[in-house]
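Student: Quick one: the structure is below, questions incoming.
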Amino acid sequence: VQYYIKLQCAKSNETKRLPKSTKRMTSNIAFYNTDHAVVEAELRSNPQGFVANAEYLSLAQLQTPDEFCSALATITGISIPAIASSSDIRYGLLNKLAETFRDLLPSAEGRLLQFLLLLRTHYVLSNAFILISAALKGRAADSNIRFHPIGIFQNLELLVSIENLSEIVGTLLEASPAGPFLIKAGLDVESTQLETMAQQDIEILRAKAESLYLEHLLNFSLSIGGQTAQTMNDLLYFEADRMTIMLVFNLLGNEDFTPEAKMEMMPRLGVLYPYHQERLSQCSDMDSVRSIISEFQEYKKILDRISADPSLTLLDAFMFEQVDCLRDGFRSQYDFASIYCYFKLKELEVNNLVWMYEALQQNQMSEMRKYVPVI
């Protein structure tokens, strides 16, 4: 499978019009059912697909971590030790999700298999940055480092045992699916001063690489055509704008970043690209950011949600909107976007459960109910 194709800059994102070639189905429903329906059916037929709202409410009434672990094990079917850390719970749930992902691969073929492997590349990219950050701190061989199980790739075990940062980065660039995105983001063994990189440098690289990945995923989805192209276009436009707004928000007051530097970290897609991204990159306070994004109804309602509930952060408000988008995408049929949405929703569900457990550990019982309903 080819993991990288030339990234193309969208000419105009002011409207979400798709190229004509993507408006027609590449195959009809009968062919979709023949070629790809098994994968979609496996996800939709899972009786333990998502934690139900009644189960969330039941978990929120528990009084001790032991009770929570026991109940969660019953609900999810995973093995959880009686004395578990929040990390144990997170990776227990993620390991089960990774099993679901791996079980889909034998039934997938053609463009669907390419799509699934491209989804996995996102997690490989995340693991690459976990490894680089650990190596910079001299902890690459630390057995306590945990990687996202979907993003485990063939050479990762070897890389963990290497102490030389240049060797780690060189192998990532040459022998991992994340390599092309890291190279395009500017990571180079020969020209990058690896040993003197700060955490801020890593975050800049991460933002650039994730933006490039998002652009690539959109281009691939558009090449599939049909409903997949339309749904993924909408989902990735929202994700790109969310990334842009959160980046600008997080860098407010940080004079180390010029508007040009901020633009380099933003995805080259979305409703905000390129004109409104440029405007946002020049904002120096939240009022300016709020003024710009209020021009878009879909983002104005996020600000309205915060006004109605001041306890919400901007990230929280975006999460509620993101869940709505993913839920709609998951309910769509005869397209690959429902698979993308399934795994995104499951990760949000993991975050919910970890949040509840940590609140219980800290005896903050009211915080346990501040989860985001997924389905």
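Student: Would you mind computing, in nm to one decimal, how far apart the modelled labels at F296 and Q364 are, each placed 7 Å from Cα along Cα→Cβ?
Tutor: About 3.0 nm separates the two model spin labels.
Student: Report, in debye and to the nearest 20, how large the dipole of the stretch 85-197 comes out about its Cα centre when Lys and Arg carry +1 and Asp and Glu carry -1 on their Cβ.
Tutor: The dipole magnitude comes to about 440 debye.
Student: Okay, moving on. Could you give the spread of the C-alpha atoms of the stretch 85-197 along their three principal axes, from largest to smallest, in whole angstroms?
Tutor: 44, 38, 20
Student: Further question on the same structure: So, with +1 on the Cβ of K and R and -1 on the Cβ of D and E, and no other charges, what is the size of the charge dipole of the chain about its Cα centre, to the nearest 20 debye?
Tutor: So the dipole magnitude of the chain works out to roughly 1100 debye.
Student: Could you give me D for the stretch 195-288, from Stokes-Einstein at 4 °C and 1.567 mPa s, where the hydrodynamic radius is the Kirkwood radius over C-alpha pairs? Units µm² s⁻¹, please.
Tutor: Translational diffusion coefficient: 92 µm²/s.
Student: So if I restrict to the alpha-carbon atoms in the stretch 172-241, what is the Rg, and what is Dmax, the biggest pairwise distance, in Å?
Tutor: 14.8, 47
Student: For F336, which sequence-distant residues (separation of 5 or more, or a different chain) have an amide H within less than 5 Å of its own amide H, given hydrogens modelled in the peptide plane?
Tutor: For F336, the qualifying residues are T228.
Student: What per residue convex hull volume, in Å³, comes out for the stretch 297-375 when only alpha-carbon positions are used?
Tutor: Convex hull volume per residue, Cα atoms: 89 Å³.
Student: Treat the stretch 225-334 as a sphere of radius equal to its Kirkwood radius over Cα pairs and apply Stokes-Einstein at 4 °C in a medium of 1.567 mPa s; give the translational diffusion coefficient in µm²/s, rounded to a whole number.
Tutor: 88 µm²/s
Student: Ignoring everything except DSSP H segments at least 4 long, calculate the 222 nm mean residue ellipticity for the chain; use -39,500 (n - 2.57) per segment, divide by total residues, nearest 500. Each step should come with its number before you reach the end.
Tutor: Working: 16 runs with 232 residues, N = 375.
It lands at -20000 deg cm²/dmol.
Student: Which pairs in the list K262/K300; K262/K370; K137/K370; K137/K346 are over 25 Å apart, alpha-carbon to alpha-carbon?
Tutor: Result: K262/K370; K137/K370; K137/K346 exceed 25 Å.
Student: So, in nm, how far is label S85 from label R139 when the simple model puts each one 7 Å beyond its Cα toward the Cβ?
Tutor: Each label point lies 7 Å from its Cα, and together they span 1.0 nm.
Student: Still on this structure, please answer the following. Full-extension gain between I78 and I152, please, as 0.36 nm times their residue separation minus the C-alpha to C-alpha distance.
Tutor: 24.6 nm
Student: Next up: Give a residue-ordered list of calculated ³J(HN,Hα) values for the stretch 100-112 (Karplus: 6.51 cos²θ - 1.76 cosθ + 1.60, θ = phi - 60°; whole Hz; x for Gly, Pro).
Tutor: Coupling constants for the stretch 100-112: 4, 4, 5, 5, 6, 4, x, 8, 9, 8, x, 5, 5 Hz.
Student: Restricting attention to the stretch 318-375, which GluC sites (Glu not before Pro) occupy a DSSP loop and are surrounded by at most 16 other Cβ atoms within 10 Å?
Tutor: In loop regions of the stretch 318-375 (DSSP not H, G, I, E or B), there are no sparsely surrounded GluC sites (Glu not before Pro).
Student: To continue, here is another question. How long are the semi-axes of the equivalent ellipsoid of the chain, defined as square roots of 5 times the Cα gyration tensor eigenvalues? Whole Å, largest first. Spell out each step's value before the answer.
Tutor: On the way: eigenvalues 172, 143, 132 Å².
Over the Cα atoms of the chain, the semi-axes work out to 29, 27, 26 Å.
Student: Answer with one residue from Y334, L236, I293: the one whose Cα lies farthest towards the positive end of the charge dipole of the stretch 225-334, charges on Cβ with Lys, Arg +1 and Asp, Glu -1.
Tutor: About the Cα centre, the residue reaching furthest to the positive side is Y334.
Student: With θ set to phi - 60°, apply the Karplus curve 6.51 cos²θ - 1.76 cosθ + 1.60 along the stretch 153-158 and write out the HN-Hα couplings as whole Hz, x wherever there is a Gly or Pro.
Tutor: Rounded to whole hertz, the list is 10, 4, 8, 5, 4, 5.
Student: Where in the chain lies the longest segment free of trypsin sites (Lys or Arg not before Pro) that are both loop residues by DSSP (not H, G, I, E, B) and have at most 11 other Cβ atoms within 10 Å?
Tutor: 138-375
Student: Within 10 Å of each residue's Cβ, count the other Cβ atoms and sort C325, C69 from fewest upward.
Tutor: Working: C325 19, C69 22.
So the residues, fewest neighbours to most, are C325, C69.
Student: Next question, about the same structure. From the phi of every residue in the stretch 327-341, what ³J(HN,Hα) in whole Hz does the Karplus formula 6.51 cos²θ - 1.76 cosθ + 1.60 yield, where θ is phi - 60° and glycine or proline is x?
Tutor: My calculation for the stretch 327-341 gives 4, 4, x, 5, 7, 5, 10, 6, 7, 6, 4, 4, 6, 4, 5 Hz in order.
None of the figures in this text is laboratory data; all of them are computed from the coordinates on show. Quick caveat, the model's predicted, so the values are computed rather than measured. Counting neighbours? That spans all protein chains shown, and the Cβs are built from the backbone with ideal geometry, glycine included.
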